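The values are calculated or read from the model by the stated rules, or taken from the named source; none is laboratory data. Remember, predicted model here, so these are calculated numbers, not experimental data. Don't worry about glycine lacking a Cβ; one is built from the backbone with ideal geometry, like all the others, and counts go over all protein chains shown. Quick note on the areas: whole protein, heavy atoms, side chains included, nothing else; ligands and nucleic acids left out. Shrake-Rupley method; radii C 1.70, N 1.55, O 1.52, S 1.80 Å.
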Amino acid sequence: MAHIDAGKTTTTERILFYTGINYKIGETHEGAATMDWMEQEQERGITITSAATTCSWLDHTINIIDTPGHVDFTVEVERSLRVLDGAVAVFDAVAGVEPQSETVWRQADRYDVPRICFVNKMDRVGAEFHRCLDMIVSRLGATPLAIQLPWGVEADFKGVIDLVKMKGLLWSAETAKGEMYDVVDIPADHADAAREWRDKLVETVAENDDELMELFLEGVEPTEEQLVAAIRRATLSSALHPVLCGTAFKNKGVQPLLDAIVAYLPAPTDIPAFQGHAVGNEDQAVERHADVNEPFAALAFKIMSDQHLGKLTYIRIYSGTLETGTGVINSTKGKKERIGKIYQMHANKREERSSAAAGQIVAVMGLKDTTTGDTLSDAANPVVLESMNFPAPVINVA
Ligand code: GDP
């Protein structure tokens, strides 16, 4: 989510490029390596053509839903936020927090969506990471947690310093090697600042996490594992928002951003329960869990017309499984629906599936009466899903 022009599309396309199944490290030949990335992108045809796209990173499946940043689209943003478990707020390092960043941030507040922040465009003249942190406090009233420091700025932006691992991550942009980062020792001229910010990080996390506070009070330096777990808990409860930086333009910081999505944003199974109510009775609460053995329940969040497939309904499945050719009920409208084909949508291709399960986002063909916001459920166990709330989950620390 972002203000228009912050770099949401570019960042997403970079993510799709680096998580692409065709992309393997070391495969880039000389020609492609020196080519401008946008040309590469066009050549490989990696553009976001669907409302939701699925990719994988570090053995995790990540579903990306685009939330338009323009003021005209706020209803659509709301619909997207409703089905998100976590969000990445993208900021322009020069402009910082802009009016629409504020709007989408407040909308995400309404749905208690845990967020991490990506300060993009660190290569631009006038980029200021720390000013952006200050604006997250003053404009959004949120508590940012810098988990990285920029290493250089503008044309000299070299990479990031990871304050959790206390390592430097260095890229040499636009070389084949630069497509993955090197992990190096923190440069001497950044060492003092890094230590200072690391201390600040541990203190801020401890203030927002009892388990880390105990270690902190005992004067014990947390292990990386303990620190990551504590940051994750504080992020999931929306007490803190980890902040990273980089530039989507030249892929400095996009891969650590993916690492952070996996480390700090919730999986569906981290969310204790999804709230709904019985059909025709809003006072009778019904809970659903990210469990394939529960009755099927899903929310339609976007209808799109595909030039080859016709009408596609994007759904997020909260519980149970869905199979092609079966009947379900649109419990919002009280209408029966038959599931035609089910597609998993990727950046530049779609994969037909015979079934889909809790936690997944898929596009379904053949739904007649379903519009965005409707709940689809198992006919024998109908439920109407409500706006999602994300209470702090319980996670054990190593
Ligand atoms: P969106 O509206 O948030 O989806 O933003 P886009 O991804 O379309 O980017 C808006 C503009 O900023 C485009 O002209 C991009 O080429 C440019 N842009 C995106 N990321 C970066 C970056 O990291 N550095 C610089 N200098 N420009 C960027």
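A few comments on the model shown:
- Largest to smallest principal axis extent of the C-alpha atoms in region 82-190, angstrom: 41, 29, 25
- Cα gyration tensor shape for region 317-379, rounded if a/c is under 1.5, else prolate or oblate: prolate
- Residue 192 accessible area, 1.4 Å probe, all protein chains in place, Å² to nearest 10: 110
- Solvent-accessible area per residue, Å², over region 343-387 with all protein chains present [probe radius 1.4 Å]: 40
- Centre-to-centre, using Cα atoms only, region 226-288 and region 105-163 are separated by 17 Å.
- Shown in residue order for region 221-232 are the 3J(HN,Hα) couplings computed by the Karplus curve 6.51 cos²θ - 1.76 cosθ + 1.60 at θ = phi - 60°: 6, x, 6, 4, 4, 5, 5, 4, 4, 5, 5, 4 Hz (x for Gly and Pro).
- Protection proxy ranking, peptides 236-242, 198-204, average beta carbon neighbours within 10 Å, highest first: 236-242, 198-204
- Heavy-atom accessible area per residue - region 79-202, 1.4 Å, Å²: 40
- Region 264-359 - convex hull of alpha carbons, volume per residue in Å³: 123
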